[in-house]
Amino acid sequence: MTTVVIVIVALVLLAGLWWVLTRNAFVRARNKCDEAWSGVDVQLGRRHDLVPNLVATVKGYADHESGVLSRVTEARSAAISANGPREIARAESGLGRALGGVVALAESYPALRATESFQRLQAELAQIEDEIQASRRIYNANAQAYNSRIQVFPASLVAGGRFAARQYFEIADPADRATPEVAFPQPSPA
Amino acid sequence: MSTAPPLSSTASDFRANADSTRAGHFREALNTRLAAYSLVFGVAAAVLYGSARHSPAIILGGGLGVIALVFAASWLAADREAEVDFYAALAEGMGMREMPDGDSLFPTTPLLAAGTERRLEHLLAGPVVGSDEHGRQCLLAHYTFETAENDPHRSLTDPVGEHRFTLCAIDLPHTTSRFPGVYVRRHQGVAEWANGDDWLAGERVHQLELESAAFTDAYDLRVSDDQDEVAARQLLAPSLVVWLAEHPLRPGFELRAGTLVVFCPGHLDDAGRYTWLRDAAARLAESAAREAAPAPGPLAPPVV
């Protein structure tokens, strides 16, 4: 009888220990997700901060291209006010496209391209884009690890409804994901 | 990520690793007069001695012993020569030069100061990368530090035994004030922990955790107590963290007193991994130099 009681108490203690350890692992994984998300936020903020400088620099040389410049400003405002990974991803894709338009615009203005400030902004923009991609990968990897942890049985019993799955920060616009098509000129018949 | 090693040697000169030419040297060694005379006279001596003692065991055992001895000596000589070939070709292919083996580097980082006995072998010195615009130089070497259990100079925290690394050291003098101490290394396994293989144990350092779970699982990041944590986090930007976590060598690095030491455990002996290590050092040096550089001045207003 005593042995049975000891075994039951030991099993209950083990189950309690497992429950505590599993829950702590969830909390750590969730904090990692939050931390990674704030890393994404920092990099996106750096890009937002760059936009006014870029617009001011381009405006000095291409004032009449107000359509392109206003699109960038609007896209920036939309990106700043967006909430949640999906909405932010969509708004940031729009800002990325608008910024791409500005850089493409500069191709028509050699004097603008030659300025030190534009070159520096362009280099900084490229670097920030790299960091955004890296932050996105870190966040998505953390979110994937966290989601797997809370969804896998029997750990999902501990998660219950207290640990919600995280959304991934994905490219929102299918156009951004599409592989560019490369067409080779057909050889003309001799 | 690094691609195939950009060796400039011709295909016939290429040595993939330190064993590439060993078989050829072994055959050469067996074809020498010394080996032939040793075999003939050694076996003859065993036969004569065995006959004199009326012992077939001595004849057979002695003969086989002489043959084994000659083969073993030839194998060892071939192994040494193959190593010499490999490092000569590697130095040429990487645009570096061979240096004489040395005791150690100036102990500027904890790894370089670890243990009580330190030595460097197969030293190669040259540019960080072939066309490095900054003209930085690096030193690639096999590094070993060891501490005997009964060494009177051993402190309680010194790791015991022999510990082998391959390292690439680069001088970055202008990073001294911004980076008083950043140490990144693979997580220590249970075996290393049990051996006391922790050369940072006696240092005034504390742990720093980054946002990447993959990096945290793979690496142990510590900074010295006087290190600005923001500067360390800026150095370990997301792109560098992702790159380190996915690097096939999983290189560690130490940045202190203007010296960057990039390392991986074990003595590497193939060209591909050497090139990876140097490329990793180049990338880390570039990041550290960029972060330590003074911020550019404010942008000038556009002038039309």
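The values are calculated or read from the model by the stated rules, or taken from the named source; none is laboratory data. If you're wondering where the values come from, they're calculated on a predicted model, not measured in any experiment. Positions of Cβ are backbone-derived with ideal geometry, glycine not excepted, and every protein chain shown enters the neighbour counts.
When A:71, A:90 are screened for being farther than 30 Å from residue B:242 by Cα, basic (Lys, Arg), surrounded by 15 or more Cβ atoms within 10 Å (Cβ to Cβ) and more than 14 Å from every other protein chain (Cβ to nearest Cβ), only A:71 passes. Counting the residues of region A:106-141 that are at the interface with chain B (Cβ under 8 Å from one of its Cβ atoms) and polar (S, T, N, Q) gives 4. The requirement of being farther than 24 Å from residue A:120 by Cβ, in contact (Cβ under 8 Å) with a residue 12 or more places away in the chain and more than 14 Å from chain B (Cβ to nearest Cβ) is satisfied by residue A:23. When residues in region A:31-67 are screened for being closer than 19 Å to residue A:84 by Cβ, without any contact (Cβ under 8 Å) to a residue 24 or more places away in the chain and more than 10 Å from every other protein chain (Cβ to nearest Cβ), 2 of them pass. Has region A:96-108 got any residue that is outside any helix (DSSP H, G or I) and without any contact (Cβ under 8 Å) to a residue 60 or more places away in the chain? Looking through region A:96-108, at least one residue is outside any helix (DSSP H, G or I) and without any contact (Cβ under 8 Å) to a residue 60 or more places away in the chain. When you scan region A:116-127, do you find a residue that is part of a helix (DSSP H, G or I), without any contact (Cβ under 8 Å) to a residue 12 or more places away in the chain, of a type in the set (D, E, K, R) and closer than 27 Å to residue B:233 by Cβ, even just one? Scanning region A:116-127, I find at least one residue that is part of a helix (DSSP H, G or I), without any contact (Cβ under 8 Å) to a residue 12 or more places away in the chain, of a type in the set (D, E, K, R) and closer than 27 Å to residue B:233 by Cβ, so the answer is yes.
Residue check: is residue A:22 farther than 30 Å from residue A:104 by Cα, touching a helix residue (DSSP H, G or I) at 6+ places or on another chain (Cβ under 6 Å) and not acidic (Asp, Glu)? Spelling it out, residue A:22 is indeed farther than 30 Å from residue A:104 by Cα, touching a helix residue (DSSP H, G or I) at 6+ places or on another chain (Cβ under 6 Å) and not acidic (Asp, Glu).
Looking only at region B:21-34, how many residues end up being surrounded by fewer than 18 Cβ atoms within 10 Å (Cβ to Cβ) and outside any helix (DSSP H, G or I)? Total satisfying the criteria: 2.
Within region A:142-171, being under 30 Å from residue A:105 (Cα atoms) and more than 13 Å from every other protein chain (Cβ to nearest Cβ) holds for A:170, A:171.
State whether one or more residues within region A:134-156 are modelled with pLDDT under 85 and either over 22 Å from residue A:70 (Cβ atoms) or touching an Asp or Glu at 6+ places or on another chain (Cβ under 7 Å) (or both). For region A:134-156, residues modelled with pLDDT under 85 and either over 22 Å from residue A:70 (Cβ atoms) or touching an Asp or Glu at 6+ places or on another chain (Cβ under 7 Å) (or both): present. Exactly one residue among A:111, A:82, A:106 is aliphatic (A, V, I, L, M) and loosely packed, with under 15 Cβ neighbours inside 10 Å, and that residue is A:111.
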